[in-house]
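Quick notes on the structure that follows.
The values are calculated or read from the model by the stated rules, or taken from the named source; none is laboratory data. All figures in this text were calculated on a predicted structure; none of them were measured in a lab. Every residue, glycine as well, gets a Cβ built from its backbone with ideal geometry; the counts of neighbours run over all protein chains shown. Heads up: the accessible areas ignore ligands, DNA and RNA and are worked out on the full protein's heavy atoms, side chains in. Shrake-Rupley method; radii C 1.70, N 1.55, O 1.52, S 1.80 Å.
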Amino acid sequence: MTNSTADEHRLDRFRQLWDEIAPIGRDERSGGYLRYALTEPELRLRQWFRAQAAERAMPVTDDGNGNLFAWWGDPDAGDAILAGSHFDSVPHGGAYDGPLGIVSAFLAVDELRAEGVTPVRPLAVAAFVEEEGARFGVPCLGSRLLTGALDVERAAGLRDAGGVSFAEALGDRPAGARPELLGRFAAFVELHVEQGRALVDQDAPVAVASAIWPHGRWRFDFTGEGNHAGTTRMADRRDPMLTYAFTVLAANKEARLRGAHATVGRVAVEPNATNAIPSRVTGWLDARAAEPETLSGMVDAVHGKAVERARRDGTEVALTEESATPLVAFDGGLADRLAGLLGAPVLPTGAGHDAGVLAAHVPTAMLFVRNPTGVSHSPAESATDADCATGVTALARVLAELLR
């Protein structure tokens, strides 16, 4: 097989698998995806995962937390290499965030087998549950449970917008920490679409990650006095929407001053009526920074300004930390080794991943595939078939190196 024929075969294989999952959970109006964890579209993708594993004679296990593992080799042998990502999406998210890593892992197995590789240790392809946190509110829920970073009782009681608990959606109480399973893995590599434009600027199809910024989610609850919009004098109002709006602007200002990122992308209002002053407004702050001190300083400053404004508005504000992830520096030796192997640049990222959670327990690395738009968590997220196929080959080379 010539190089050009081999490249065409890789492209065809990628497109075949990609076309199988592309329609699942896609919203015709927005063009984005509604693949919330353990809902019908994501369950269909999990069935697809099992079917792909069966085609490759890879037995599938479930860790009791909703995370799936397809095994090439003996699951009990230990010293295994783990690859994969997640299927779930943010509301109206892009196609590549998550699923690209799973599709690529299966195709990398195909490449290794075609090359006659006989691994001396097992390889597992993972599909982690609820990485985005779009349904139950806690990102990387499955990997946090697996590693013991999240309390089982708290996780079981998390509820979606319709009142369904995670335990109910899972069909059982989550198993929680699985140290005996984690102990079987010698390394984890997650391939992911780039969430930025650094690779476009560097004219490179693939990169290796160096670190994940510290980040987290904080809930601000603003309470006031609900009243009639037409009969309540402006001077008599205790409107929590005003405090909320001020807090959003304060978060934006503090982030810009500190070179950090702050986003309020979700809000809930009660009673949510056009002609009623709200009695309660809840907003969720997503905050990220390169250093933990910068992140904590920014959140403290935003909270302080919200409290000060609440006094002036006659309202009250309460702050709750819903999730927090410290700075994750990926295994430096592993990252350098893979960057040298691939001749790829090394980049940090401000986005969270299951790899960031597992990095505290297993030597971990990430590969990024170029995103021409630089846009993520949006239908505009993209990657060319050629770059995705290059990513598959890069992942196969990495896995071959680690499986020796």
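For the stretch 46-151, the list of trypsin sites (Lys or Arg not before Pro) that fall in a loop by DSSP and count at most 12 other C-beta atoms within 10 angstrom is empty. Taken over the stretch 62-167, the ratio of Cα radius of gyration to 2.2 N^0.38 Å equals 1.21. In the frame of its principal axes, the stretch 137-295 has Cα extents of 66, 46, 28 Å, reported largest first. Two numbers describe the Cα atoms of the stretch 139-190: Rg and Dmax, which are 12.4, 39 Å. Using a 10 angstrom cutoff on alpha carbons, build the Gaussian network for the chain and name the most mobile of Leu181, Leu150, Leu285. Looking only at Leu181, Leu150, Leu285, the biggest GNM fluctuation is shown by Leu181.
Take every DSSP beta bridge whose two residues both sit in the chain, then give the antiparallel share in percent to the nearest 5.
Of the beta bridges lying entirely in the chain, close to 70 percent run antiparallel.
If you filter the stretch 184-241 for GluC sites (Glu not before Pro), then keep DSSP loop positions with at most 16 other Cβ within 10 Å, what is left?
Answer in residue order: Glu225.
For the pair the stretch 167-210 / the stretch 247-315, the C-alpha centres are spaced 29 Å from each other.
Kindly provide log₁₀ I(q)/I(0) values, in the same order as q = 0.21, 0.23, 0.24, 0.25 Å⁻¹, from the Debye equation applied to equal alpha-carbon scatterers of the stretch 83-132. Log10 I(q)/I(0), no solvent term: -0.73, -0.81, -0.85, -0.89.
Taking max minus min of the alpha-carbon positions on each principal axis, the stretch 265-390 gives extents of 61, 33, 21 Å, largest first.
Treating r as the C-beta distance of Ala6 and Asp201 and R0 as 35 Å, the FRET efficiency rounds to 0.75. Each part reduced to its alpha carbon centroid, the stretch 1-39 and the stretch 323-352 end up 26 Å apart.
Might you tell me the accessible area per residue for the chain, computed with a 1.4 Å probe and given in Å²?
With all protein chains present, the chain gives 42 Å² per residue.
Rg/Rh for the stretch 1-142: what does it come to with C-alpha atoms and Rh from Kirkwood?
0.99
Between beta-carbons, use under 10 Å as the cut-off and find the net charge around Leu295, counting Lys and Arg +1, Asp and Glu -1. With Lys, Arg at +1 and Asp, Glu at -1, the net is -1. Sparse packing (at most 15 other Cβ atoms within 10 Å of the Cβ) combined with a DSSP loop state is found for the following GluC sites (Glu not before Pro) in the stretch 22-87: Glu28.
For the stretch 33-133, the Cβ-based charge dipole about the Cα centre amounts to some 240 debye (Lys, Arg positive; Asp, Glu negative; other atoms uncharged). Computed over Cα pairs, the Kirkwood radius of the stretch 217-302 leads via Stokes-Einstein (1.306 mPa s, 10 °C) to a diffusion coefficient of 115 µm² per second. Distance between the pseudo-spin-label points of Ser30 and Thr373 (7 Å out from Cα toward the beta carbon): 1.2 nm. In the chain, the C-alpha radius of gyration followed by the widest Cα-Cα span (Dmax) gives 22.6, 80 angstrom. Candidate membrane-span-like segments in the chain, meaning DSSP H helices with Cα atoms spread over at least 18 Å of their own axis and a Kyte-Doolittle mean of -0.5 or above, are 99-114, 240-258, 385-403, with no membrane implied.
For the stretch 175-238, the calculated P(r) over all alpha carbon pairs, in 10 Å bins from 0 to the bin holding the longest distance, is 12, 20, 20, 15, 13, 17, 3 percent. Placing dummy labels 7 Å off each Cα toward the beta-carbon, the span from Arg219 to Arg50 is 3.3 nm.
A convex hull fitted to the Cα coordinates of the stretch 1-80 yields 143 cubic angstrom per residue.
Of the heavy-atom accessible surface of the stretch 105-217 (probe 1.4 angstrom), what whole percent is carbon and sulfur? Carbon and sulfur: 47 percent of the exposed surface of the stretch 105-217. When the residues Val117, Val103 are ordered by accessible surface, computed with a 1.4 Å probe over the protein chains alone, the sequence from largest down reads Val117, Val103. Heavy-atom surface analysis with a 1.4 Å probe gives the stretch 357-399 a carbon and sulfur content of 59 percent of its accessible area.
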